[in-house]
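Q: Below: one structure in structure tokens.
Read the figures in this text as sums done on the coordinates, not as results from a lab. Since we're looking at a predicted model, the values are computed, not measured. Note that each Cβ is placed from the backbone with ideal geometry, even for glycine, and that neighbours are counted across all protein chains shown.
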Amino acid sequence: LAVIGFTPIVYLFRCCGCTVPDEELRRPIDAFFSMFFIEIPYLSLRWIAWYRYGVPVSIMAVKNILGIYEDLYFIGIVQGFGGGKARGIRLLCCRRSDAEKAE
């Protein structure tokens, strides 16, 4: 659906009254799904293979750890280096507090 320009999760956020621009809203949603459907499951499988069967840890496990860190950064849970503007959860909280101050 995203190929044709329809993103249902962003649409649901819009229906709930979210005023964040689409691109800023899509990035944390994509990071959330990437983390929970790609990075964490594959890291778990690699850990089980290492722990139970003695398979050496591959560079792909490091890739999964860095992918989880990157996804946490885009979600807004980890700030990263250099601060920067609010994103992810922090972006939604900033927008909500700015709107409450204006009222």
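Q: Under a Cβ-Cβ cut-off of 13 Å, what is the net charge of the residues other than E70 that fall near it, where Lys and Arg count +1 and Asp and Glu count -1? Please report the intermediate quantities before stating the final value.
A: Details: positive: R27, K63, R87; negative: D30, E39, D71.
Around E70, the charge tally is 0.
Q: Could you give me the ³J(HN,Hα) list for the range 63-70, computed from phi with Karplus coefficients 6.51, -1.76, 1.60 and θ = phi - 60°, whole Hz, x at Gly and Pro?
A: Once rounded to whole Hz, the list reads 4, 5, 5, 5, x, 5, 4, 4.
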